[in-house]
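Following this message is one structure expressed as structure tokens.
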Amino acid sequence: MLLATAALICTACSPEEAVAAGPHDRLDPDITYSADLDGDSADERILIDGTTASLTISDGETTYRSRDRWQIVEAYLGDTDRDGLLEVVTLVDDEQGRHLGLFAHFGGEYRERLVTSEIVPRPVGLEIVDYNAGLDPSVVATLTGDAVLLTLEAVPSGSEPQTVLCRWNGFGFTGIESGP
């Protein structure tokens with residue numbers, strides 16, 4: 001709760017100031033966050049622009065900006081690919097639908113590590129969770145890193161929304177557990 005309070009206060013921060021963020025933290029629009037995304041012990045600046053719905057990652061003189069066609073719907077920090085570095089994990093909209101996006105320092109630069117094909121049924125919510133946080137012990141024993149929890153639209157109409165817990169499989173995400 002302290003982070004949420006600091007984030008609300010920081011909406012008037014100068015460009016040099018940022019709210020410290022870490023694993024599992026939600027990145028709200030128009031707040032500049034700081035977190036080490038490349039493992040160099042220096043924090044990068046992360047901003048979801050509320051007007052353009054774009055993602056910007058700044059590291060000194062280097063700046064990454066997400067593609068214009070992508071609209072960031074929701075974003076969190078997590079280490080979903082289990083490489084020891086945080087990524088910006090997002091729900092992304094474009095003309096083809098809603099996707100899961102993973103933006104990270106990869107191959108020596110900041111870029112999209114992965115943007116999935118359209119997810120159906122459409123995700124309406126995203127959360128990054130620690131595998132050790134209340135999951136079935138038999139599932140936890142085989143996993144490390146963070147999991148992506150997607151809340152999917154109700155299908156068929158009138159039914160309860162479904163949640164799907166996903167893990168990084170080396171090329172994308174695989175559902176490992178689901179429920180109402």
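Output the residues belonging to the range 38-48 that are under 13 Å from the mean Cα position of the chain (by Cα) and surrounded by fewer than 22 Cβ atoms within 10 Å (Cβ to Cβ).
Within the range 38-48, just L47 meets the criteria.
Can you work out which of the residues in the range 75-96 that are free of Cβ contacts under 8 Å to residues at least 40 places away in the same chain and more than 14 Å from the chain's Cα centre (by Cα) is surrounded by the fewest Cβ atoms within 10 Å (Cβ to Cβ)?
Among those that are free of Cβ contacts under 8 Å to residues at least 40 places away in the same chain and more than 14 Å from the chain's Cα centre (by Cα), it is E95.
Which number in (1) among the β-branched types (V, I, T); (2) over 15 Å from S34 (Cα atoms); (3) surrounded by fewer than 21 Cβ atoms within 10 Å (Cβ to Cβ) marks the one condition that I72 misses?
Of everything listed in (1) among the β-branched types (V, I, T); (2) over 15 Å from S34 (Cα atoms); (3) surrounded by fewer than 21 Cβ atoms within 10 Å (Cβ to Cβ), I72 misses just condition (3).
Computed from the coordinates by the stated procedures, all read-outs in this text should not be read as laboratory data. Nothing here was measured: the structure is a model prediction, and the numbers come from that model. Cβ sites come from the backbone with ideal geometry, for glycine too, and all protein chains shown count toward neighbours.
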